Amino acid sequence: MPTGFERRYVVGVDIGGTKIEAVLLSDEGAVVSSGRLPARQGGDQVVSDVEALVRQVAGTLFSKLAMIGVGIPGQVNAQTGHVSNVVNLGIGEYDLGSVLQRRLGLPVRVENDVNVAALGAAGIAKAPKKGTTVFLNFGTGLAAGIIIDNRLQHGESGAVGEIGHLPVDPNRFDCPCGQKGCLETVCSGSAVSRLWPYDNPALPGLIAAAQRGERNALEILAKVTHAMGDAVQIVVQLTDPRRIIIGGGMAKTGRPLLDLISREIGTREKHCAFLRNLDIASRLELARLDEPLGAIGAALLCR
Ligand SMILES: [Zn+2]
């Protein structure tokens, strides 16, 4: 009998700018163990840390591992496992997939961090897996992961869902990408921290100040909310998803964030029967942030 029959565990690893998280998943999809390490700069350090973490969470089950799935920020070629421009980790170009594969002696799949979070968020929800799910990541940046009938969408160059750099307002802020008025310059975690530097985390503080009637806060919140409405409408009108899962660091704001987006969409619906018929608010939900979504999603890459 092939030994592959014995290999029924996978490890998912989520490499972030500040920490690396990993989970060991059984073939029933249960999280058997998990661990984390602080992230260090540079491709070789990242590989050493991922290897150590995989061995740690697998423990005595290492010989039963079938595969490793990895999520990492930056540009990822999911076919080859090559990563580019991982700015937060000081990585320019790196063959992450093949180097890890050699070090661990196991097949490795590599994906973009938003895509693995999307898989994780959709995977742990007890919802039908058919149809389209959009994971809208309001993190440091803004991007969407799009899953259709349980399959992540990549497109020709892996740029599917990169809506953060849509220049919606040519008169607004300069974006590091070289354009002006990108969505990400207004409705991402880094943008809100820049626009409202008085609280940390910025968005709950901004919402509270707006509720107190502070004019500056009301103006900034209106801008942020408008851009969030644009982001939601863009993904809805492109993919007409069954579910829109709001995730990323800003989702820690919780219910008030969902209420803001729903109110913005509601305002737009008042004058537009087409939008009213889409009933976008009923498709919105918050990601479960008490779970390591990225690491679980990375493990689900192996399915
Ligand atoms: Zn941009």
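Quick rundown of the values:
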quantity: Relative contact order (percent, whole number), the stretch 127-286, Cα cutoff 8 Å, 6+ residue spacing; calculated: 24 percent
quantity: Cα shape, the stretch 157-303, gyration tensor, a/c 1.5 rule; calculated: rounded
quantity: Sequence-distant residues sharing a close amide H with H82 (under 5 Å, placed H); calculated: N77, G97
quantity: Rounded to the nearest 20 debye, dipole of the chain from Cβ charges on Lys, Arg, Asp, Glu; calculated: 540 debye
quantity: Span-like helix ranges in the chain, DSSP H, alpha carbon extent 27 angstrom or more, Kyte mean at least 0.0; calculated: 215-239
quantity: Cα gyration tensor shape of the stretch 43-125, rounded if a/c is under 1.5, else prolate or oblate by comparing a/b with b/c; calculated: oblate
quantity: Simple Cβ-charge dipole of the stretch 127-286, Lys/Arg +1 and Asp/Glu -1, about Cα centre, in debye nearest 20; calculated: 360 debye
quantity: Farthest toward positive dipole pole in the chain [+1 Lys/Arg, -1 Asp/Glu at C-beta], among V232, A281, G141; calculated: A281
quantity: Inter-label distance for L37 and D279, nm, one decimal - labels placed 7 Å from Cα along Cα-to-Cβ; calculated: 4.9 nm
quantity: Computed helical MRE - 222 nm, the chain, DSSP H runs ≥ 4 contributing -39500 (n - 2.57), nearest 500; calculated: -11000 deg cm²/dmol
quantity: Residues with amide H under 5 Å from that of V70, placed H, sequence gap 5 or more; calculated: V13, R109, V110, E111
quantity: Cα gyration tensor, the stretch 149-199 - rounded (a/c under 1.5), prolate or oblate; calculated: oblate
quantity: FRET efficiency, 1/(1 + (r/R0)^6) with R0 22 Å, evaluated for E219 and F173 via beta carbons; calculated: 0.90
quantity: Heavy-atom accessible surface of the stretch 127-286: percent carbon and sulfur, 1.4 Å; calculated: 51 percent
quantity: Dipole of the chain, positive direction: furthest Cα of G17, L221, P73, with charges on the beta-carbon; calculated: L221
quantity: Residue-normalised accessible area of the stretch 154-247, expressed per residue, 1.4 Å probe, Å²; calculated: 50 Å²
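The values are calculated or read from the model by the stated rules, or taken from the named source; none is laboratory data. Keep in mind the model is a prediction, meaning the values are calculated, not measured. Don't worry about glycine lacking a Cβ; one is built from the backbone with ideal geometry, like all the others, and counts go over all protein chains shown. All accessible areas refer to the heavy atoms of the entire protein, side chains included, with ligands and DNA or RNA removed. Shrake-Rupley method; radii C 1.70, N 1.55, O 1.52, S 1.80 Å.
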